[in-house]
Amino acid sequence: MKKSVSLILMISLMLPVTAMAEETEARAVIARAWDYMRGKTSVSTVHMTVHRPDWERKTTIKAWTKGRENSIFQIIAPKKDKGNGTLKLGKKMWSYNPKINRVIKIPPSMMSQSWMGSDFSNNDLSKADSVIMDYSHEILYTETRKGFKIYVIKALPKPDAPVIWGMQMLKIREDGVLLEQAFHDEDLEPVKVMRTQNIVNMGGRPFPAKWIMQTIDAETEDAGTNEEYTLLEYQDLKFDVPLKNGRFKINALKKPMR
């Protein structure tokens, strides 16, 4: 009897430690992926295609990032949209429209709105690292794909976390490449999913050249049947490029950048 009680007590004491270790490992996998995909700094040129059943719009964007939180985007084509920009500092965002020569701080009420008419929201950009900081994590299982170990991770919001998603599901390759990120509402129903494709050598490391964000079709519960999507295609990418702090200032939005 004493041995049984001791065994039960030992197991009960080990459970919280095991759960904490699993949470730490899952969080470390996500953090490593975010750092891998952004580097200390990055400079990229990306073609963005917003596709709808009856129309399509193409835009070319130059992007600079520093760490996990700071980034600035500027449209360089087409000519009619050239100069439009977005600055992200931490969780704050500003947009610039050269036609009215005005910088506007994006209020919390507009964070869920579309970014540049795409399937990405302002919130997706402003809280790029939110899945690390504002969620608890669990590795559901691992699988092997093309010789790589793949982590399948569930992320649930921490109590009182300032987030709009009720759950996120991620698939991350062991080397840090993000393969999939699915967003679920408060009822844990899938809303949209981002998948990466065409992993090639870019910036000196394996990197997905294509990123596609699609909303989930409510009837089929599948993004593949939805004709609405946003496709990002990386044309050029460099990591760990020296960038001055002045690059990430509000005034920088008004200047053509190279």
Which residues, taken from region 112-151, are farther than 19 Å from residue 232 by Cβ and in contact with a Leu (Cβ under 9 Å, 6 or more places away or on another chain)? 135, 136, 137, 138, 145, 150, 151
Residues satisfying the stated conditions in region 96-129, i.e. hydroxyl-bearing (Ser, Thr, Tyr), touching a residue at least 40 places away in the same chain (Cβ under 8 Å) and crowded, with 16+ Cβ neighbours inside 10 Å: 96, 118
Could you pull out the residue among 68, 52 that is in contact (Cβ under 8 Å) with a residue 12 or more places away in the chain and either over 30 Å from residue 250 (Cα atoms) or surrounded by 19 or more Cβ atoms within 10 Å (Cβ to Cβ) (or both)? 52
The condition of being touching a residue at least 60 places away in the same chain (Cβ under 8 Å) and closer than 29 Å to residue 60 by Cα holds, among 195, 205, only for 205
Selection within region 84-95 - surrounded by fewer than 19 Cβ atoms within 10 Å (Cβ to Cβ) and touching a strand residue (DSSP E or B) at 6+ places or on another chain (Cβ under 9 Å): 89, 90, 92, 94
I want to confirm something. Restricting to region 191-213 and keeping residues that are small (Gly, Ala, Ser) and surrounded by 15 or more Cβ atoms within 10 Å (Cβ to Cβ), which single residue is nearest to residue 146 (Cα to Cα)? 209
Restricting attention to region 222-245, which residues are surrounded by fewer than 15 Cβ atoms within 10 Å (Cβ to Cβ), assigned to a strand (DSSP E or B) and at pLDDT 85 or above? 235, 236, 238
Where a residue in region 149-172 is under 16 Å from residue 133 (Cβ atoms) and its partner, wherever it lies, is at pLDDT 95 or above and of a type in the set (Val, Ile, Thr), with Cβ under 6 Å and at least six apart: 153/139; 170/153
Considering only residues that are closer than 19 Å to residue 166 by Cβ and of a type in the set (S, T, N, Q), look in region 130-142 and name the one that is surrounded by the most Cβ atoms within 10 Å (Cβ to Cβ). 130
Tally, over region 42-64, of residues that are outside any strand (DSSP E or B) and touching a Pro at 6+ places or on another chain (Cβ under 9 Å): 0
Meets criteria (under 26 Å from residue 207 (Cα atoms), surrounded by fewer than 17 Cβ atoms within 10 Å (Cβ to Cβ) and among the charged types (D, E, K, R)) for residue 58: yes
Residue that is at pLDDT below 95 and touching a helix residue (DSSP H, G or I) at 6+ places or on another chain (Cβ under 7 Å), where the choices are 164, 216: 164
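The values are calculated or read from the model by the stated rules, or taken from the named source; none is laboratory data. Computed from a prediction, not measured in an experiment: that's the story for all the values here. With ideal geometry, Cβ positions are generated from the backbone for all residues, glycine too; neighbour counts draw on all protein chains shown.
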